[in-house]
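In what follows, a structure is listed as structure tokens, so that the remarks can point back to it.
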Amino acid sequence: MTPRLEINLDALSHNTRQLVTRLAPLGIALTAVTKVTLGDPVIAQRLLDAGATALGDSRIDNIRRLRDQGINAPCVLLRSPAPSQVDDTVRYADISLNTEPEILMQLSRAAVAQGRQHKVILMAELGDLREGIMATDLCEVAAICRNLANLELIGIGTNLACFGGVRPALNNMDELSWLAREVEASLGCQLQIISGGNSANFDWLTAEARSDIDPARQCQLNRVNNLRLGEAIYLGCETLHRTPLDGLRQDAFTLVAEVIESKTKPSVPKGDIGLDAFGKIPVFESRGDIQRSILDLGRQDIPPDGLTPDADGLEILGASSDHLILNSQHQPLNVGDEVRFQLDYAALLMAMTSPFVSKVYV
Ligand SMILES: *Cc1c(COP(=O)(O)O)cnc(C)c1O
């Protein structure tokens, strides 16, 4: 069956184990982020078996799917809950990341009504300008949270390198540790979780690991004891420079499509050129006649620029909603041949989401 996404579970186990091993000496636990898998319970179980201590997802529907399939590990809702989803957040997630006092009050009311406890990590704004409480307001919101019935404030966190592209580094991670101390001092309690970020935190990790040149700094300053990682597990890359991580596999996911037409045709269209199917005026380089192959995959399933063919000599020329068009001049293909691709994170997310792409564990 094509198109299909082949999911190598052993590669995912391997990557998770490697990351857990790398983080352990720094006292950092791994929350495995499942959003790109739409909360796939088979994958989630592998990540837990390989040492992840919790699962994180941005969508409550994905967490619900994990629960419905019998996953009992702690689940963290990564995107601040919408008021309409406060009830489900308390029902299905153990922990949520929050920034708004109004939502905290609603979570508290829902938790009381359901007779449950709900745990909260408050997100601090450290410059990236996505979600986060301004540093000057953090203690005040922490105090509000602490006083709300059936809510337990378990930690603080931050998320960088998402909207503003701000790099996680010693300075902003130290600021997070400093904020943790400040919250603890003002509330007179100990925070369990200081969650430092995502797959963009590897440069910081390296710097942090090296900072034992100054032992005083490391034990007194760094309080980060949790990272929430998705892309590093799935693609084996960090996200600041998209460099492959040492010892990790980059081949956990492979997208496979099938040739539905293969013909020698000109490299430039013939006739008056108007707008293409997506409202653009296409530009073509003249290379004479070439062998062109069409695959059963399109923009409804993937962003074509997020794909890299496994075989050398294949070039993606473009895609319509349903057709991916290749220059196969140097790697001739026949109708029915299968073509394999590696995916970037956006392509992986779309392939996972498309109901037209079947998912196969290998
Ligand atoms: C998606 C997400 C992550 C994981 O990001 P990766 O780059 O895939 O590691 C971590 N934290 C939050 C809040 C997220 O939304």
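The values are calculated or read from the model by the stated rules, or taken from the named source; none is laboratory data. Everything quoted here is computed from the prediction, not taken from an experiment. Every residue, glycine as well, gets a Cβ built from its backbone with ideal geometry; the counts of neighbours run over all protein chains shown. Remember, those area values only see protein heavy atoms, side chains included, never the ligands or the DNA or RNA. Shrake-Rupley method; radii C 1.70, N 1.55, O 1.52, S 1.80 Å.
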Original post:
Relative contact order of segment 77-225: what whole-number percent is it, with Cα pairs under 8 angstrom and at least 6 residues apart?
Top reply: 19 percent
**OP:** State whether segment 67-169 is rounded, prolate or oblate according to the following rule on the C-alpha gyration tensor (a ≥ b ≥ c being the square roots of its eigenvalues): a/c under 1.5 gives rounded; otherwise a/b larger than b/c gives prolate, and the remaining case gives oblate.
**Re:** oblate
**OP:** Find how many whole Å separate the alpha carbon centroid of segment 136-198 from the alpha carbon centroid of segment 33-92.
**Re:** 22 Å
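With charges only on Cβ, +1 for K and R and -1 for D and E, what is the dipole size of segment 1-62 about its Cα centre, in debye, rounded to 20?
Working: 6 positive and 6 negative charges, 31 e Å.
Magnitude of the dipole: close to 140 debye.
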Subject >> For Ile290, residues with placed amide H under 5 Å, excluding near neighbours >> reply: Lys265, Ser267
Original post:
In whole Hz, what ³J(HN,Hα) sequence does segment 89-99 give by Karplus (6.51, -1.76, 1.60; θ = phi - 60°), x for Gly and Pro?
Top reply: 4, 5, 5, 10, 9, 7, 9, 9, 8, 9, 9
Subject >> Contact order normalised by residue count of the chain, Cα under 8 Å, 6+ apart, percent >> reply: 18 percent
**OP:** Please give, to one decimal in nm, the separation of the simple spin-label points placed at Glu140 and Ala209, each 7 Å out from Cα toward the Cβ.
**Re:** 4.1 nm
Original post:
Between Asp322 and Arg242, what FRET efficiency follows from the Cβ-Cβ distance if R0 is 22 Å, with the result rounded to 0.05?
Top reply: 0.15
Subject >> Using a Förster distance of 56 Å, the FRET efficiency for Arg287-Ala149 (Cβ separation, nearest 0.05) >> reply: 0.20
Original post:
What are the residues whose amide H is under 5 Å from the amide H of Thr34, where those residues sit 5 or more places off or on another chain and H is modelled from the backbone?
Top reply: Gly56, Asp57
Subject >> Net charge dipole size for segment 263-362 [Lys, Arg +1 and Asp, Glu -1 on Cβ; Debye, nearest 20] >> reply: 180 debye
Original post:
Calculated from DSSP H runs of 4 or more alone, at -39500 (n - 2.57) each and per residue, what is the 222 nm mean residue ellipticity of the chain, nearest 500?
Top reply: -9000 deg cm²/dmol
Original post:
Placing +1 at every Lys and Arg Cβ and -1 at every Asp and Glu Cβ, with all other atoms neutral, what dipole size does the chain have around its Cα centre, in debye to the nearest 20?
Top reply: 540 debye
Subject >> Ser13, Ser320, Ser84, Ser186, reordered so the largest accessible area comes first (probe 1.4 Å) >> reply: Ser84, Ser186, Ser320, Ser13
**OP:** Return one whole number: the accessible area per residue of the chain in Å², for a 1.4 Å probe.
**Re:** 46 Å²
Subject >> Accessible-area ranking of Lys359, Lys263, Lys270, Lys280, largest first, probe 1.4 Å >> reply: Lys270, Lys280, Lys263, Lys359
**OP:** Show the residues, 5+ positions off or on another chain, whose built amide H is closer than 5 Å to the amide H of Leu126.
**Re:** Asn159
Original post:
When the chain is modelled as a GNM with alpha-carbon springs shorter than 10 Å, which of Ser211, Ser58, Ser286 fluctuates the most?
Top reply: Ser286
**OP:** Kindly write out, for segment 290-295 in residue order, the coupling ³J(HN,Hα) from the Karplus curve 6.51 cos²θ - 1.76 cosθ + 1.60 (θ = phi - 60°), rounded to whole Hz, with x marking Gly and Pro.
**Re:** 9, 7, 10, 10, 10, 10
**OP:** Set the Förster radius R0 to 56 Å, insert the Cβ-Cβ distance between Leu187 and Gln300 as r into 1/(1 + (r/R0)^6), and round the FRET efficiency to 0.05.
**Re:** 0.65
Original post:
By how many nm would the segment from Ala113 to Lys270 lengthen if fully extended, with 0.36 nm per residue of separation less the alpha-carbon distance?
Top reply: 49.8 nm
Subject >> From phi via Karplus (6.51, -1.76, 1.60), per-residue ³J(HN,Hα) for segment 126-131 in Hz, x at Gly/Pro >> reply: 10, x, 7, 6, 9, 6
**OP:** Please identify, among Leu78, Leu205, Leu227, the residue showing maximal mean-square fluctuation in a Gaussian network model of the chain using a 10 angstrom Cα cutoff.
**Re:** Leu205
**OP:** Provide Phe356, Phe253 ordered by accessible surface of protein heavy atoms (probe 1.4 Å), highest first.
**Re:** Phe356, Phe253
**OP:** Would you mind getting the Kirkwood hydrodynamic radius of the chain from its Cα pairs, rounded to one decimal in Å?
**Re:** 22.4 Å
Subject >> Hull shadow area, averaged, segment 253-361 [alpha-carbon convex hull, nm²] >> reply: 7.1 nm²
